[in-house]
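What follows draws every value from the coordinates through simple rules; no lab data is involved. Everything quoted here is computed from the prediction, not taken from an experiment. Every residue, glycine as well, gets a Cβ built from its backbone with ideal geometry; the counts of neighbours run over all protein chains shown.
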Amino acid sequence: MTCSKRDVRGEVISGFAEGIPAGQEDLVDDNTILVQRTLRSGQSIHYDGNVVILGDLNPGSEVVAKGNVIIMGVLRGVVHAGACGDENAVVMAFRLQPTQLRIANHITRPPDDEPEDTGQPEMARIKDGVVTIEAFQTGGERQGKAN
Amino acid sequence: MGEVIVVTSGKGGVGKTTTTANIGAGLASMGCKVALVDADIGLRNLDVVLGLENRIVYDIVDVTSGNCRLRQALIKDKRLEGLHLLPAAQTKDKTAVSPEQMRELCGELKKEFDYIIIDCPAGIEQGFRNAVAGAEKAVVVTTPEVSAVRDADRIIGLLEAAGLYEPKLVINRIRLKMVRQGDMMSIEDIIDILAIDLLGVIPEDELIVITTNRGEAVVLDQNSRSGQAYRNITRRILGEEVPMVNLEEEDGFLKKLRKIIGLK
Ligand SMILES: Nc1ncnc2c1ncn2[C@@H]1O[C@H](COP(=O)(O)OP(=O)(O)OP(=O)(O)O)[C@@H](O)[C@H]1O
Ligand SMILES: [Mg+2]
């Protein structure tokens, strides 16, 4: 993704040709896109803002966002939040089991031994220069306040 | 008007051709008029699996390019009355047919047959696009392997993009002993990722290899678990509610014994 400000609908979102069936419109506001479906292997969304997915991110799929990424399902694919270098960007998922996780210019992946399923929503963000993953508690610290 | 169903998978060798042949034979044995279309041009297989190789005169490319009439290219099965095969060409490649021609061909076949089952080649390129062009429904075959499931997921996305929503899933070659030991993906693991309806589960069964090599369909074998599994799939396609077989009855020597002596 290039990081210039561009027309939200037109160019920045890729993968629509094969990925998203006509008629399933995604709701778009200023800089958050809501995707009401599961992304399957080979499908990707690139967006100049925040991305919220009402579904899973299957292995082999990819979300690249300039802002935050929220997955209201199981995150098993690859996510890049803060793709233009925003170290305050966060990734949140109902189940966080990514193949690989990138925030700004940090890249992490789960440990090679059996990835544990914590069974709860989690949030990844950069803390003291490293990507940390913590349980997401509603009513806890709000994103953006940390750092 | 008949119904056109494409059998596809993404990954190669997971059982598309086996499944196409058995669903076709199953439907025909239940009285349907069925046409099987081998869309794997260049890697013709379905005729061999059905034991019809020596009867091929014309093939699908002859039909689409106007060398012969559709009727001339259709081969009648040797055992089952209603079963017909439109073989693939072996000496051409996937570009010899266009999606438009496939749509036309399927339209023709629909007038005469109750079910048209298309055996899709592996991959996501033109062969795949041809195979799905004329289809109204899709069956996705996978094995309990991470790579096969990944490819199935990709294919489901591509099917949706082609307007084929809600494909049905066939899980092939499952080995319950391995699943139980945690060495193989379970049915639940697979459904959890693919999130589509299950059409059936076929166990790993050497009888499939044996029947395939003989040019027979295991679905006609009344005593095998894989045959039973394919018969159940056939009935589900016909709209019957068939409960999933309890595959746990796998190593059922005692069960068999009980059946023989009449205890349930
Ligand atoms: N349930 C099963 N148990 C044992 N062997 C099987 C089973 N299903 C398929 N096979 C064997 O696996 C091999 C591949 O099957 P098949 O040709 O149907 O796959 P395919 O998906 O059509 O492959 P291709 O992508 O090359 O077209 C065959 O030799 C077949 O006999
Ligand atoms: Mg095949």
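Among the residues making up region B:160-191, those that are surrounded by fewer than 20 Cβ atoms within 10 Å (Cβ to Cβ), of a type in the set (Val, Ile, Thr) and more than 14 Å from every other protein chain (Cβ to nearest Cβ) are B:Val179, B:Ile187.
Of all residue pairs spaced 6 or more apart or on separate chains, those with beta-carbon atoms under 9 Å, a first member in region A:45-71 that is away from chain B (no Cβ under 14 Å) and a second member that is of a type in the set (Asp, Glu) and assigned to a strand (DSSP E or B) are A:His46/A:Glu62. Any idea which residue in region B:8-39 is nearest to ligand 2 (Cβ to nearest atom), counting only those that are charged (D, E, K, R) and crowded, with 24+ Cβ neighbours inside 10 Å? My answer is B:Lys16. If the condition is being surrounded by fewer than 24 Cβ atoms within 10 Å (Cβ to Cβ) and within 8 Å of the chain's Cα centre (by Cα), then region A:51-61 contributes only A:Val52.
Quick one: in region B:5-47, which of the residues that are assigned to a loop (DSSP other than H, G, I, E, B) and near ligand 1 (Cβ under 7 Å from one of its atoms) is nearest to B:Gln222 (Cα to Cα)? Explain how you work it out, then say what you get.
Applying the first criterion (assigned to a loop (DSSP other than H, G, I, E, B)) to region B:5-47 yields B:9-15, B:30-33, B:39-45.
Narrowing further to those that are near ligand 1 (Cβ under 7 Å from one of its atoms): B:9, B:12-15, B:40, B:43, B:45.
Working: B:Ser9: 27, B:Gly12: 28, B:Gly13: 25, B:Val14: 23, B:Gly15: 20, B:Asp40: 30, B:Leu43: 31, B:Asn45: 25 Å.
Among residues in region B:5-47 that are assigned to a loop (DSSP other than H, G, I, E, B) and near ligand 1 (Cβ under 7 Å from one of its atoms), the one nearest to B:Gln222 (Cα to Cα) is B:Gly15.
Checked against (1) within 16 Å of ligand 2 (Cβ to nearest atom); (2) assigned to a strand (DSSP E or B), B:Asn213 meets all criteria but (2).
Of the listed requirements (1) under 23 Å from B:Tyr58 (Cβ atoms); (2) more than 9 Å from ligand 2 (Cβ to nearest atom); (3) out of contact with any helix residue (DSSP H, G or I) (no Cβ under 7 Å at 6 or more places or on another chain), B:Ile5 misses just one: (1). Applying the set (1) in contact with a Phe, Trp or Tyr (Cβ under 8 Å, 6 or more places away or on another chain); (2) closer than 21 Å to B:Gln126 by Cα to B:Gly2 leaves exactly one unmet item: (2).
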